[in-house]
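See structure below.
The values are calculated or read from the model by the stated rules, or taken from the named source; none is laboratory data. Because the structure is predicted, anything quoted here is derived from the model rather than measured. Every residue, glycine as well, gets a Cβ built from its backbone with ideal geometry; the counts of neighbours run over all protein chains shown. For the accessible areas, the whole protein counts, side chains as well, though only heavy atoms, and no ligand, DNA or RNA atoms are used. Shrake-Rupley method; radii C 1.70, N 1.55, O 1.52, S 1.80 Å.
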Amino acid sequence: MHVLVLNSGSSSIKYRSFDDQGTEIASGLVERIGETDGRATHRVLGPDGEWSSTVEEGAIDDHAAGFAGIVQALERGGYAQELGAIGHRVVHGGAEFVEPTPIDEAVLERIRAQVPLAPLHNPANLTGIEVASRLRPDLPQVAVFDTAFHGSLPPAAHRYAVPGSWHDQHGVRRYGFHGTSHAFVARQAAAHLGRPLEDLAMITLHLGNGASLTAIDGGRSVETSMGLSPLEGLVMGTRSGDLDPAVVFHLLREAGLTPDEVERTLNRESGLLGLCGDNDLRVVERRAGDGDGSAQLALDVYVHRIRKYLGAYAAVLGRLDAIVFTAGVGENAAGIRRRVCAGLGLLGIRLDDARNEGARASEGPGGVVALHHDDAEVAVLAVATDEELEIAEQTRSALRRV
Ligand code: AMP
């Protein structure tokens, strides 16, 4: 059975499709949906093992038209018969969804009920589900939640110290995100180390445009840096991460900003972008290398925050077998990995500079590269993440359970 994985945004649909062995057989991006200059890019693996690409430009009226184009691309590739299920990425599952969940009307209603927790993300994910269910009612559809892996957070880690009524009536607690990525790289790391995941204590660092750390004990998430929303925690490309909530009240009172303006600024104009004007870490590194003070400061704040969390999570776990770098920065940026690990010998972390320099996770066997010194107590790994493959696997496992 092939599984098509959809990641629906407000004006885009990203997709990848996998065969029974988990081999990718198609991928693409439909973008600028609803505008006159829409664009759909499709890549399909042919029977001869060669990829063919098509680019279609012109108005794509709505998500239904975008989805129809994806199905047609699969048909053109000769994969119409094999398609057996659709897995949907859903950002927020609230406290309700801690497993990948086959979708029916009742589940759809419960996902709609989570919208107030993720107004920036869940509505678009829901549109994708509604469209795919309407156009392909013959296929089982499964929702895979970014939050689900963190359903195991103990109350000490997931509660905020606020009145209990906020938790009970408004769902104010920490949920965590990037769960498919943290779960995937933890499994890959355990396989690389040749040890059962159940025996391992590790910290996974998902450092991409969005960024989060997770402490994983025996395969279960016990602490993670994102909270009610993906805004908490590390410094990100455009998100602030942690800040004193009083900053918000101060800005409302003193700067005359509206709540929406503060929310947008903290999500879209802060982080590396806010500190130095660029959110692409490669550009920030280049500028810092040229002596640009604000770019150097941005890197300093970025790295300092990661190290603070790393130390805290070592304390939460009480033991440490591995730290795992992943996503665009973690997989590729040797300079950031070096600075994050510097001087952490007290935690048993010793990076081997020669192994780290220039190492890219995707170039290692199975997408894993070991970066630690031979006699280090803690393994330091760069692991290529694959959130869509993980969603496809979870979709299959959810359907096996039905
Ligand atoms: P992601 O969200 O996982 O696609 O990660 C995007 C981030 O990874 C951006 O800030 C990129 O600048 C960063 N990135 C990707 N490749 C590299 C690289 N070779 N060196 C440094 N940063 C990189």
Determine ³J(HN,Hα), in whole Hz, for all residues of segment 87-100 in sequence, where each value follows from phi through the Karplus function 6.51 cos²θ - 1.76 cosθ + 1.60 and θ = phi - 60°; x replaces Gly and Pro. x, 10, 6, 10, 5, 10, x, x, 7, 6, 10, 10, 9, x
Could you order 204, 36 so the one with the most accessible surface comes first? Probe is 1.4 Å. 36, 204
Rounded to the nearest 10 Å², the accessible area of residue 275 using a 1.4 Å probe with every protein chain kept is 60 Å²
Just how large is the dipole of the chain about the Cα centre, in debye to the nearest 20, putting +1 at every Lys and Arg Cβ and -1 at every Asp and Glu Cβ? 800 debye
Based solely on its DSSP helices, what 222 nm [θ] is calculated for the chain when runs of n ≥ 4 H residues each add -39,500 (n - 2.57) and the sum is averaged over all residues, nearest 500 deg cm²/dmol? -11000 deg cm²/dmol
Taking r as the C-beta separation of residue 167 and residue 268 and R0 as 25 Å, the FRET efficiency to the nearest 0.05 is 0.35
For segment 1-111, with only Lys/Arg (+1) and Asp/Glu (-1) charged at the beta-carbon, what is the dipole magnitude about the Cα centre, in debye rounded to 20? 240 debye
Could you give the length gained by full extension between residue 248 and residue 338, i.e. 0.36 nm per residue of separation minus their alpha carbon distance, to one decimal place? 29.0 nm
Given R₀ = 25 Å, FRET efficiency for residue 19-residue 135 by Cβ-Cβ distance, to 0.05? 0.70
At most 16 other Cβ within 10 Å, DSSP loop - GluC sites (Glu not before Pro), segment 13-66: 35, 50
Percentage of Cα-Cα pair distances in segment 50-102 greater than 19 Å, rounded to whole percent? 51 percent
Once amide H atoms are placed 1.01 Å from N in the peptide plane, what residues at a sequence separation of 5 or more from residue 379, or on another chain, have their amide H within under 5 Å of its amide H? 322, 323
Once you sort the root eigenvalues of the Cα gyration tensor of the chain as a ≥ b ≥ c, which label holds: rounded (a/c under 1.5), prolate (a/b larger than b/c) or oblate (the other case)? rounded
Just how much of residue 167 is accessible, in Å², when a 1.4 Å probe is used and the result is rounded to the nearest 10? 50 Å²
Taking the full set of protein chains and a 1.4 angstrom probe, give the accessible area of residue 1 in square angstrom, rounded to the nearest 10. 80 Å²
Let me make sure I get this right: for segment 1-146, a, b and c are the square roots of the gyration tensor eigenvalues over alpha carbons, sorted descending. Under 1.5 in a/c it's rounded, otherwise prolate if a/b > b/c, else oblate. Which is it? oblate
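Can you sort 258, 214 by 1.4 Å-probe accessible area, starting with the largest?
258, 214
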Residue by residue, what Karplus-based ³J(HN,Hα) values in Hz, rounded to whole numbers, does segment 21-27 have, using 6.51, -1.76 and 1.60 with θ = phi - 60° and x for Gly and Pro? 8, x, 7, 5, 10, 6, 7
Inter-part gap, Cα centre of segment 125-177 to Cα centre of segment 1-45, in whole angstrom, is 23 Å
